[in-house]
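Take a look at the structure below.
Values quoted throughout were computed directly from the atomic coordinates according to the rules given, and no laboratory measurement underlies them. Every value quoted in this text rests on a predicted model; they were computed, and no experiment measured them. Every residue, glycine among them, receives a Cβ derived from its backbone with ideal geometry; neighbour counts consider all protein chains shown.
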Amino acid sequence: MHIEGYIALFWDSLKRYYINPYCITLSLSELRHSASLANKVFIQRDYSEGTTCKFQTKFPSELESRIERTLFEDTVKTLNNYYAEAEKIGGQSYLEGCLACATAYLIFLCMETRYEKVLKKIAKYIQEQNEKIYAPRGLLITDPIERGMRVIEISIYEDRGSSGSSSGSSSVSGSTAR
Amino acid sequence: MHLGVSESMRECEYSQISTRSSTPMETPYKKRTPKKRKWEIFPGRNKFYCDGRIMMAKQTGVFYLTLILILVTCGLFFTFDCPFLAQQLTPVIPVIGGVLFLFVLGTLLRTSFSDPGVLPRATQDEAADLERQIDVANGGTGYRPPPRTKEVVINGQTVKLKYCFTCKIFRPPRASHCSLCDNCVERFDHHCPWVGNCVGRRNYRFFYMFILSLSFLTIFIFAFVITHIILSSHQNGFLSALKDSPASVLEVVVCFFSVWSIVGLSGFHTYLISSNQTTNEDIKGSWSSKRGKDNYNPYSYGNIFTNCCAALCGPLPPSLIDRRGFVEADVPQLAPPTNGITMYGSTQSQQSHMAAATPLLQHQSSEPVILTTSPENGGTLTGRASLALTGPCTSLPLGQPTPPNSTSSLSCHEATDKLPVHGHTLTHNHSNPLQESVFQHHFLTPEEVPSPPGMLHCGSPMGHSHTAQAGFYDPASQDSLHEDSVRGLVKLSSV
């Protein structure tokens, strides 16, 4: 599912879980101005075990007020496990490699590599996490594959309805600063 | 009430677009150029064919030479030598020759046409975030910071990660920036002009198979052409044998010179694979014991067999640059100085400089980057729409590319990092923001997600603001987005 789908998903869940519990009777215009992208946090790669894909589990300070530490760490650890599974060098990967070599790599026209299969699982997992955990808290995780496996990008959305004046003024100051 | 307001807004926005495009009668839908694929705006110096399926380096002349040499030599072998050999000895010879030839060709094409493991450049937000972290680390002195490196301990060995000023990322270990292709490549081995591409993580095994099978093929042809000449000269005499098949002489000459270099190269790469090093590391002597007593290769698995298996039979990672994907339409990014830190070194100043210089980017500089659905931002979104419609930015010449190796030498060109990358910071930063502000990977804010008419029935109060902005998008290309959004909403409503 593409990022635009996430946004729509997030937006609806934001209204459903985040805004409504606080202000049941919001006018249409208030809802329209409700969410805006406030910040992005980037979880960098952890190269301590070599070139295998692994992300740092250090909890970023910007998320402190938004999500529980354990939930975040669970997500990152699960992602790391998925990537380790994709890059694992063992019996199955050898078999796949030898078979591919024997068929001059034509077999990949009909079959997808193990890595691709795991990437699909990861995409589903991230979507599920976004739906269940992150979107209700005004956060959104981007699949690392869309960022070249360099970072896990977590977008933080502000509810402008509740913090209207502050984010409004910050955007104004942002424009004048440029 | 709101309907009326947004309708009038929409009218204003439509008329704004049409005046800019100077065709007042045309609707925005017709005016929109077809969606570009990502390879068309790729910032590196690569050539793409078959609508992004094939990726090669910029200079491909030597690759065609390789192809011609192989095809001509094998063609001559099959035409002139094989009939004689099949008769005199056994017909298995042409069959084996044929299999070898096909394997060589297959691996050559696979090496040349595939993505070697190019790392996509950082998005603007990422680069800004990194710059901010580096500034904080440097104490924010405001002076030109020293060359940026990060140290990391891998399996007990300290490895320095360098910051790439072109790609604006900290290079992963074993990655290197190829000056010829202007890309950072994972597990960069070398840039091979004979193959017309970089050799990196994703195509190293094909490259190795290519040179291995080519050495077998060369030896095979050499041996059997000599056999042919000897057998033929037993029957007719040496000189008449040569006169009968002059092609054999040519083949012998080509194979003789090839054997030394190709077999030598295969041997060298076999050594590299068994010790799990790249050509780059070997040349620099990164892991040689001469550097220090405790210097060892942290990536090696310990034994030769595991190293070989890992390099040749390990999992093949997918391409990180989505060549055939479509370029996203306008996606907003963060306002940089929301947290009070206004100075990002040269990046921001360069950006505002470039923004002033180019008319297209004027819109970007004048608007607050945090986009909301407030109606006054309608004009800014227009600006972003026009930004997305610009033609592919030609990659600006960056730094001093090393000239391609002379064709007389048969060794592959190793484009090591000997270029003082940090000395090129100024030129890199001047030319890159233009590329990067066009080639961006952004998000759509919730307000910008176009909603199909069906979604209005879901009772979404955002429906009106959606359609207000949705006018910019070509409906045909948004079908997949609509589908996803609808699917997403349906999923949630079922919860």
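Here's the yes/no breakdown for (1) among the hydroxyl-bearing types (Ser, Thr, Tyr); (2) crowded, with 19+ Cβ neighbours inside 10 Å; (3) outside any helix (DSSP H, G or I):
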{"residue": "B:PHE63", "(1), (2), (3)": "no, yes, no"}
{"residue": "B:LEU67", "(1), (2), (3)": "no, no, no"}
{"residue": "B:PHE78", "(1), (2), (3)": "no, no, no"}
{"residue": "B:LEU85", "(1), (2), (3)": "no, yes, no"}
{"residue": "B:LEU102", "(1), (2), (3)": "no, no, no"}
{"residue": "B:THR107", "(1), (2), (3)": "yes, yes, no"}
{"residue": "B:SER112", "(1), (2), (3)": "yes, yes, no"}
{"residue": "B:PRO116", "(1), (2), (3)": "no, yes, yes"}
Original post:
Take the residues of segment B:73-114 that are more than 13 Å from chain A (Cβ to nearest Cβ) and without any contact (Cβ under 8 Å) to a residue 12 or more places away in the chain: which is nearest to B:ASP244 (Cα to Cα)?
Top reply: B:PRO83
Original post:
Can you spot a residue in segment B:131-140 that is more than 30 Å from A:THR52 (Cβ to Cβ), part of a loop (DSSP other than H, G, I, E, B) and among the small types (Gly, Ala, Ser)?
Top reply: yes
Subject >> Yes/no for B:ASP282 being acidic (Asp, Glu) and assigned to a helix (DSSP H, G or I) >> reply: yes
Subject >> Cβ pairs under 7 Å, 6+ apart, first in segment A:77-93 and within 20 Å of B:LEU316 (Cβ to Cβ), second assigned to a helix (DSSP H, G or I) and β-branched (Val, Ile, Thr) >> reply: A:TYR82/A:VAL118; A:TYR82/A:ILE122; A:GLU85/A:VAL118; A:ALA86/A:VAL118
Subject >> Residue count for segment A:109-118, restricted to those that are within 11 Å of chain B (Cβ to nearest Cβ), exposed (fewer than 14 other Cβ atoms within 10 Å of the Cβ) and either among the aromatic types (Phe, Trp, Tyr) or over 13 Å from A:GLU85 (Cβ atoms) (or both) >> reply: 1
Original post:
So, of the residues in segment B:299-327 that are more than 7 Å from every other protein chain (Cβ to nearest Cβ) and among the hydroxyl-bearing types (Ser, Thr, Tyr), which turns out to be nearest to B:TYR49 (Cα to Cα)?
Top reply: B:SER319
**OP:** Could you please find all residues in segment A:47-76 being without any contact (Cβ under 8 Å) to a residue 24 or more places away in the chain and more than 15 Å from the chain's Cα centre (by Cα)?
**Re:** A:TYR47, A:SER48, A:GLU49, A:GLY50, A:THR51, A:LYS58, A:SER61, A:GLU64, A:SER65, A:GLU68, A:ARG69, A:THR70
**OP:** Working only within segment B:244-269, note down all residues that are free of Cβ contacts under 8 Å to residues at least 12 places away in the same chain and among the β-branched types (Val, Ile, Thr).
**Re:** B:VAL249, B:VAL253
**OP:** Return yes or no: is B:SER300 more than 30 Å from B:PRO83 (Cα to Cα), polar (S, T, N, Q), part of a loop (DSSP other than H, G, I, E, B) and within 30 Å of the chain's Cα centre (by Cα)?
**Re:** yes
**OP:** Could you run through segment A:38-70 and say how many residues are within 9 Å of another protein chain (Cβ to nearest Cβ), among the hydrophobic types (A, V, I, L, M, F, W, C) and touching a strand residue (DSSP E or B) at 6+ places or on another chain (Cβ under 6 Å)?
**Re:** 3
**OP:** Please find, among B:PHE222, B:PHE207, B:PHE165, B:PHE238, the residue that is surrounded by 24 or more Cβ atoms within 10 Å (Cβ to Cβ) and among the aromatic types (Phe, Trp, Tyr).
**Re:** B:PHE207
